[in-house]
There are 2 protein chains.
Amino acid sequence: MAQTPKNIAIIGSGLVGSLLAIYLRKLGHSVTVFDRRPDIRTIKFSGRSINLAMSNRGWRSLQKVGLEGKIKEIGIPLDKRAMHVNDKPVYFQKYGKEGEAIWSISRGILNKRMIDLAEAEGTEFRFNEKVWDVDLPEAKIYTGETEKSEWKEYQYDIIFGCDGAFSRVRHKMQRRSRFDYSQDFIDVGYKELTIPANEDGTHKLDKNSFHIWPRGAFMLIAMPNIDGSFTCTLFLPFEGNVSFESIKTEEDARAFFKEYFPNVRKEIENLTKDFFQNPTSAMVTMKCYPWTYWNKVALVGDSAHAIVPFYGQGMNAGFEDIYVLQELMEKYGDDWESIFSEYQKQRKPNADAIAELSYRNFVEMSSKTADPKFLLQKKIEKHFAAKHPEKWIPVYSRVTFSDRPYAEALAIGDQQEKIMKEVMKLPNIDDKWDSKEVEDKILRLLKDSK
Amino acid sequence: MAQTPKNIAIIGSGLVGSLLAIYLRKLGHSVTVFDRRPDIRTIKFSGRSINLAMSNRGWRSLQKVGLEGKIKEIGIPLDKRAMHVNDKPVYFQKYGKEGEAIWSISRGILNKRMIDLAEAEGTEFRFNEKVWDVDLPEAKIYTGETEKSEWKEYQYDIIFGCDGAFSRVRHKMQRRSRFDYSQDFIDVGYKELTIPANEDGTHKLDKNSFHIWPRGAFMLIAMPNIDGSFTCTLFLPFEGNVSFESIKTEEDARAFFKEYFPNVRKEIENLTKDFFQNPTSAMVTMKCYPWTYWNKVALVGDSAHAIVPFYGQGMNAGFEDIYVLQELMEKYGDDWESIFSEYQKQRKPNADAIAELSYRNFVEMSSKTADPKFLLQKKIEKHFAAKHPEKWIPVYSRVTFSDRPYAEALAIGDQQEKIMKEVMKLPNIDDKWDSKEVEDKILRLLKDSK
């Protein structure tokens, strides 16, 4: 159903804001994007965010507006994990089936490219313009130098809040009655570090792998960039025995890297320099409801559902919001009230599901990867899935390589977990984990759970 | 341990703010209380809050500063519930043992009295002065006409945020990293209604009872005032079949009261008038952490832990915060860092526990009071508690008539619930609920759970 062109403001020129601008321009709307920060294309990127892993949902949303090819140019496909476990040679774990991969993309480069593309579609960008207040029922926004300076008033038909986890638009909605909201920080922080390219511009580690150094309560990961470097992220508790708090001097940092990450020892000077230069960031799960105000205002992406990054789905979930919005615009045309109300009803359970899955992955990574029972269970699941790929699709694949709802992946994952709990109770499971008996047991439990 | 006098600001002149002022004055501190609203002693009370039920924890906190007697003057003891169940004569349920009662007190009258008392102790009150910003590390506050007007700056040694569920002080803390926060509204709203006194000033219903008209998804309660009137609170879903939304006209309201509350039919005109005159309010559970900032700022009462009112513990919990603060001030003297850090550590689990208990009471009232299984369980518990009062103290008594931690009441309540679940599984429990067999079973389960 065609839409009457509207005058639309988007707050936030990040990935979600600029993709939404492209979608709305293609539908014929006027679009102005406000951002309190300067144009990211004009500044050196701060490096304060984990590299992105674009997967199925992200690609589908880009494809819809013909951008998949342009973005693949700046990404590197990763078809496997490279596990750097202490005292073992590096080993690899395929992510999915042949041809399935996640893509490593630098957030900064992607954001610049997306803004270029949105501009080419006719979006107006107003950088360095800070939105301080939003009149929700009237769809007005107020901008100015500071919270207390003179403000400029803008009138729109519709406002989208794409201004991230600390959204000003949501902040305004939050002050209304009956607005549910929560923010929960985890006790682990992160810091970005860099492994530079070889002198000839090649990568120092396998380029098509997502590198992980799991160390129990903390871990290091690395994702390749197209310039030959790797962006590493160190996840480490804020406080405690081995923590951001406990590493005070360059000597401490060097000793830390040397002890726990011996196979990156050549990089220690770089890592140590970065450690003290780069900020330590916190991670939060943010949930809220409702996401929309009447037919006037809607939150999209992190402003509606910020999640911890351990499933690599933050941006993918935000892009999928836009995909769903577009489906509903096609369905409901000018009935923005129905578009917004359906949008939040459809997306909220899925946003909650990926928040839960991401948090569980954090718990799993920090406390279970050393548990032999857990590792055995994973081994049995993998063994069974290989034999019965149509009967046992792992949750990771459902989240990463499909576009079925996150809520469905969570529900099926819980069902699989229940089955595995029964399986793990079998006597001598350690010895017979790959036996016919175990296989039959799983098959029977699967049948019973239908 | 004596304390060096400090210059202290309290934001909020409500019950918690004024009691805290009295405590701090008695310890020799200078105290200024800011409130954005006018002096409650100069205005007709808005009536926008449930009447209070002062119980053990509240009284203990008043006693400590010698105020118990002065406040009992304006309260009425309620030693029982009066249940107005449809098609049954009114019946009464004793709250506790002989002499145990909760006290009905009008929030407005109590607040006026508390401000008088705080002023008599030498507290400075600055009404109509709106705090817009707080500098947490410097303990400065900024006040002014509007958020955008010229602001006045005040410097203090310590700031207490006693500014309720929508606290400005907490709002400032919330913008810091690693501050956990949640607000969850329930789908039921409330409205205050009044039953006036008889012409001779006496009460129209039994004066020493807490009156309840349970109706499944909604209910009416009434608490006596010293002027002979009753303050009623109607709890009703916002939306749905019988809801605030569905009652649109005076005719609707009259029909509603007539159908569901036949024994207050003489009051229908009054109730109907109030229904359209008084606001409908929402109820929220608000949690956050941390509650303090270094040795500079602390949240006390609803600003730190707002709860739904179904246990009658909101004010009692806030007063208990103050009692605990005072104990810690005695212990740690001028070491305000330890006072604040111990305060939040001690109180947080208890605040979470009373939030949970209050929410459960809401669920119980709205969905379980009609369930015969639930009523039978309650009957068995009561029967057993009467026979073994030292072995089975109901959660309600632990919360209301003791000063043991809320968290303990919750834990023991969960244990009792587990035991009762087993008991309810006994075959033919309906017939033998008061048998020796059931009694012995409970005794055995109690012993096993030690």
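The values are calculated or read from the model by the stated rules, or taken from the named source; none is laboratory data. Note that the structure is predicted; figures quoted are calculated from it, not measured. In this analysis, Cβ positions are derived from the backbone assuming ideal geometry, glycine residues included, and neighbour counts consider all displayed protein chains.
Worth pointing out:
- Selected residue [at negative phi, part of a loop (DSSP other than H, G, I, E, B), in contact (Cβ under 8 Å) with a residue 12 or more places away in the chain and touching a Ser or Thr at 6+ places or on another chain (Cβ under 7 Å)] from B:PHE244, B:PHE319: B:PHE244
- Test: residue in segment B:203-224 that is within 14 Å of another protein chain (Cβ to nearest Cβ) and more than 20 Å from B:TYR91 (Cα to Cα): no
- Residue within segment B:284-293 that is in the same structural domain as B:PHE166 (by TED's automatic domain parsing) and part of a helix (DSSP H, G or I) present: no
- In the condition set (1) more than 19 Å from the chain's Cα centre (by Cα); (2) surrounded by 15 or more Cβ atoms within 10 Å (Cβ to Cβ); (3) part of a strand (DSSP E or B), B:GLU153 is compliant with all but (2).
- Of the residues making up segment A:146-197, those that are more than 30 Å from B:PHE238 (Cα to Cα) and among the hydroxyl-bearing types (Ser, Thr, Tyr) number 6.
- Candidate set from segment A:426-450 (those that are among the charged types (D, E, K, R) and within 17 Å of A:LEU375 (Cβ to Cβ)); member that is surrounded by the fewest Cβ atoms within 10 Å (Cβ to Cβ): A:ASP431
- Test: residue in segment A:159-169 that is aliphatic (A, V, I, L, M), closer than 13 Å to A:THR292 by Cα and away from chain B (no Cβ under 12 Å): yes
- Here B:ASP187 meets the list (1) within 12 Å of chain A (Cβ to nearest Cβ); (2) surrounded by 18 or more Cβ atoms within 10 Å (Cβ to Cβ); (3) touching a strand residue (DSSP E or B) at 6+ places or on another chain (Cβ under 7 Å) almost entirely, failing just condition (2).
- Conditions (1) touching an Asp or Glu at 6+ places or on another chain (Cβ under 9 Å); (2) crowded, with 16+ Cβ neighbours inside 10 Å; (3) assigned to a strand (DSSP E or B): number failed by A:PHE160: (1)
- Tally, over segment B:96-112, of residues that are buried (at least 20 other Cβ atoms within 10 Å of the Cβ) and either without any contact (Cβ under 8 Å) to a residue 60 or more places away in the chain or farther than 16 Å from B:LYS44 by Cα (or both): 4
- Test result for A:LYS378, out of contact with any helix residue (DSSP H, G or I) (no Cβ under 8 Å at 6 or more places or on another chain) and not aliphatic (A, V, I, L, M): yes
- Any helices (runs of 4 or more DSSP H) falling wholly within segment A:368-450 and containing at least 1 residues that are at pLDDT 95 or above and under 24 Å from A:LYS80 (Cα atoms): A:372-387, A:395-400, A:406-424
- Single unsatisfied condition, B:GLU269 versus (1) of a type in the set (Asp, Glu); (2) away from chain A (no Cβ under 14 Å); (3) touching a helix residue (DSSP H, G or I) at 6+ places or on another chain (Cβ under 9 Å); (4) touching a residue at least 24 places away in the same chain (Cβ under 8 Å): (4)
- Residue in segment B:249-258 that is touching a helix residue (DSSP H, G or I) at 6+ places or on another chain (Cβ under 8 Å) and either part of a loop (DSSP other than H, G, I, E, B) or of a type in the set (Val, Ile, Thr) (or both) present: no
- Pick from segment A:225-234, criterion of a type outside the set (D, E, K, R) and closer than 28 Å to A:LYS72 by Cβ, ranking: farthest from the other protein chains (Cβ to nearest Cβ): A:GLY228
- Criterion violated by B:MET173 - all others in (1) within 14 Å of chain A (Cβ to nearest Cβ); (2) part of a strand (DSSP E or B) satisfied: (2)
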